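Q: First the structure, which I've put down as structure tokens, then a few questions once you've had a look.
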Amino acid sequence: MSTWDNNPVLKVEHLTMRFGGLTAINDLSFNIGRGDITALIGPNGAGKTTVFNCITGFYKPTEGRLVMNRSNGEKHLLERMADFKITADAKVARTFQNIRLFGGMTILENLMVAQHNPLMVASNWTVGGLLGLGGYKKSNVDAIETAKYWLERIDLIDRADAPAADLSYGDQRRLEIARAMCTGPELLCLDEPAAGLNPKESLELNNLLQYIRKEHDTSVVLIEHDMSVVMEISDHVVVLDYGVKISDGTPEFVKNDPHVIAAYLGVEDDEVDQVEEEVGIV
Amino acid sequence: MQARQKDSLLVASVKDSLGAAVITFALACVMVGLRVDVASGRGAELFLEHRWLAVAVAVLIVFAGRLAMNIFFWKREDPPSLNLSGLMPKGGLGANSSNIIKYGLLGLAVVLPFVLMFWLGARGSRQYIDLAILVLTYVMLGWGLNIVVGLAGLLDLGYVAFYAVGAYSYALLAHYFGFSFWLCLPLAGILAAFWGIILGFPVLRLRGDYLAIVTLAFGEIIRVVLLNWYQFTGGPDGLSGIPRPSFFGLEFSRGEGGFASFFGLDYSSIHRIIFLYYLIFAMALFTNFVTMRLRRMPIGRAWEALREDEIACRALGINTTNTKLTAFALGAMFAGFAGSFFATRQGFISPESFTFLESAIILAIVVLGGLGSQIGVVIAAIVMIGGFEFFREFEEYRMLVFGMIMVVIMVWKPRGLISSRTPSVALSKNAKGISADLVQEGHG
Ligand SMILES: Nc1ncnc2c1ncn2[C@@H]1O[C@H](COP(=O)(O)OP(=O)(O)OP(=O)(O)O)[C@@H](O)[C@H]1O
Ligand SMILES: [Mg+2]
């Protein structure tokens, strides 16, 4: 039994997602270990983003269960929750494959919007804040401090008042991660965070993820195409192909799994040996 | 190379314009060229009039106009409109000049009735103060709608419905229960907000065009109900004898106990007009104050975030339905306040005052002013409503002129007159406004 099965932060159980006749995910089960960086990999169209959309409530799974175990002992069945509740109550945050920032708002504002729920409570659902009652002012200052903290982490503190749409691609990716972190998540789902980054930005991203794992009570699951990134930072790798799990284990294990090699090279299982010989792996 | 490009530009433009001319010809033949008229000389006989000259003129205008637009704007790589907008201040107005306009207008609004009185006397200034009241009413409505359309990005074409709810709330409460204006003012706002929530609940699932059409329909439904519920609302006859507001219990009436005698002034009907002016001025300022405060609070930021990207909002744990509903209800509430003011000012209301055209005018003020810009709404309201009254002499042509002005503004400044967004929170003191090109308009 591996570490991620002992104390999973999220258990995905028999997840199936159909779109009409298309089965995007078929009976998928895996665990995401608490405190781990888990990578979800697979060829294009394997169903990785669909898994994320099920976890974060944007799609309602056709079948299966998604059990979130929060560190305070609460259990949440994500497949039954509305999308915004999943972030608000189950503490799962996400980023998007095609970045979704609030482009016309400043970088600081982006991070403030992410702290909407605690600020709403502090402002007595706007009434107290409007009347200028005490608590809200302090919470507002705290929220700005939190935002500043993350801006320093992602090196954007100097540009806090610039519109988010003005940032470079790599900065936007990191800002989206920081914004997700501002919701105070216990599970952070990153959809291809390294896509389109240059090597320097890629390195900064790795450092950021390592930092989040080390300093915060947040487990990370990420979708990634770049194998070198996956091998370097993940503790646990789950491989999908055509909506089915074909491998699950440590990076070392997955790298040498013939099913994975076959899937990535696009051949049938029984031809794997032959292919492996050709490529010279064995 | 250069010459050939010029050549193809001309050819393409002429081709395109010819196409437009043909379409115009086909349409104008039946719509302009033939006209059925009643012959005056020969009893009531109908006869067909041919107006081929008018058709030719129409076709020529379209051809020439389209050719000019093609050659100078659409088919050019460097349209002069680019240079034109280069001459204009970039990113809307700078913070400084925007502030000057803001405080300038505010100061002017404070002293306006007295300046007019001094200048034109009580009799002569009445008409202008009335116009100023009208403008301020639209400013308030524009600011209210700005919450819904400008901040939350929800296109509401039935905004006038809440204006009607406010007006009728006051009129009916006063009629059936004898409530005073000051009691009805908050009640009208609450009732309008309540209707905003009731109507908002089913429609806010819809997005974009669908939302626009359903809000339009709801606006019409409310008007039709007011029109047909004869026993209760008086139907097309409307409600008259709506009580006038008092000044802390002092009526604006002649004789003992009135406003004038209390303050030892000579009675004049202008007192009430001036009072109404300051009343709507205060109400509008209140709307602005609340909106500006809300913008800096979590709910206001959530509205703007919703306009930018609804899916991202949901991924951040924001309850988008509630957020939209609050925007809808708040916008409706301010329309309700304005409605009860309208009722008390007119003393008479009927469903005719709450047609779709009103919604369209308010929306035009918001869009022309620049979505989300408070000062833009003021300028647009002054230009639209003031201009509307100013050109009253031109009768039917003023609609034409206004249509043209709107087209010109939308071509020249597609994001409205004031098109820069001030951040709701900033670390540095001199944070710049955000150019409207980056700001989304909302999707539903
Ligand atoms: N809303 C939807 N409706 C219909 N089909 C969908 C929907 N979302 C995803 N699919 C289908 O499900 C399959 C998996 O898509 P998904 O986006 O999850 O792949 P992915 O692994 O994220 O691929 P990529 O690496 O390209 O991002 C694809 O065949 C896709 O067409
Ligand atoms: Mg994907």
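Where a number appears in this text, it was derived from the coordinates with a stated rule and is not lab data. Everything numeric here is computed off the predicted structure, so don't read it as measured data. Positions of Cβ are backbone-derived with ideal geometry, glycine not excepted, and every protein chain shown enters the neighbour counts.
Q: How do the peptides B:19-27, B:188-196, A:33-41 rank, highest first, by the average count of neighbouring beta carbon atoms within 10 Å per residue?
A: B:188-196, A:33-41, B:19-27
Q: Same structure again: Mind checking the mean number of beta-carbon atoms from other chains within 10 Å of the Cβ atoms in B:146-156?
A: Neighbouring Cβ atoms belonging to other protein chains average 0 per residue here.
Q: Let me ask something additional. Which shape class, rounded, prolate or oblate, goes with the stretch B:314-416 when its Cα gyration tensor gives a ≥ b ≥ c as root eigenvalues, a/c under 1.5 marks rounded, and past that a/b bigger than b/c marks prolate?
A: Oblate, because a/c is 1.5 or more while a/b does not exceed b/c.
Q: On a 26 Å Cα-Cα criterion, which of the cross-link pairs B:102/B:324; A:85/A:245; A:137/B:413; A:60/A:91 come out too long?
A: Those over the limit are B:102/B:324; A:85/A:245; A:137/B:413.
Q: Helix A:169-181: angle to the longest alpha-carbon principal axis of chain A, degrees 0 to 90, nearest 10?
A: Once rounded, the angle reads 70 degrees.
Q: Next question. Where in chain B are the DSSP H helices whose alpha-carbon span along the long axis reaches 27 Å or more and whose Kyte-Doolittle mean is at least 1.0?
A: Helix filter hits for chain B: B:95-145, B:181-203, B:208-228, B:270-295.
Q: Another question, if that's okay. Report the relative contact order of chain B, percent, no decimals, based on alpha-carbon pairs under 8 angstrom and at least 6 residues apart.
A: 24
Q: Other chains' Cβ within 10 Å of A:76-87 residues: what's the mean?
A: Taking all residues of A:76-87 together, the mean is 3.
Q: Under 26 Å Cα to Cα from residue B:15, which lysines show up? Leave out anything in the same chain fewer than 8 places away.
A: B:6, B:75
Q: Would you compute, from DSSP H runs of 4+ residues alone, the mean residue ellipticity of chain B at 222 nm, taking -39500 (n - 2.57) per run and dividing by the full residue count, rounded to the nearest 500?
A: For chain B, the value works out to -21500 deg cm²/dmol.
Q: Counting alpha carbon pairs within less than 8 Å and at least 6 residues apart, what relative contact order, in whole percent, applies to chain A?
A: 24
Q: For the stretch A:102-183, take every pair of Cα atoms, bin their distances at 10 Å starting from 0, and report each bin as a whole percent.
A: Reading upward from the zero bin: 20, 47, 26, 7, 0.
Q: Given the DSSP H assignment, sum -39500 (n - 2.57) over each helix run of at least 4 residues in chain A and divide by its residue total; what's the result at 222 nm in deg cm²/dmol, nearest 500?
A: So the helix-based figure for chain A works out to -11500 deg cm²/dmol.
Q: If you count, for each residue, the other Cβ atoms within 10 Å and average over each peptide, how do B:177-186, A:94-103, B:268-277, B:134-143 line up from highest to lowest?
A: B:134-143, A:94-103, B:268-277, B:177-186
Q: In degrees, nearest 10, range 0 to 90: what is the angle between the Cα axis of helix A:199-215 and the longest Cα principal axis of chain A?
A: Once rounded, one gets 70 degrees.
Q: On full extension of the chain, what length is gained from residue B:190 through residue B:213, given 0.36 nm per residue of separation minus the C-alpha to C-alpha distance?
A: Result for the pair: 5.8 nm of gain on full extension.
Q: Ok, one more. Over the whole of A:88-96, what's the average partner chain Cβ count within 10 Å per residue? Rounded to a whole number, please.
A: Mean shielding count: 2.
Q: Which order do B:340, B:98, B:125 fall in if you start with the one that has the fewest other Cβ atoms within 10 Å?
A: By the 10 Å Cβ count, ascending, the order reads B:98, B:125, B:340.
Q: Within 10 Å of each candidate Cβ there may be at most 14 other Cβ atoms; applying that plus a DSSP loop requirement, which GluC sites (Glu not before Pro) in the stretch A:42-86 survive?
A: Hits after loop and neighbour filter: A:74.
Q: Show me B:204-213, B:313-322 ranked by packing, highest mean number of other Cβ atoms within 10 Å first.
A: Put in order of decreasing packing, that is B:313-322, B:204-213.
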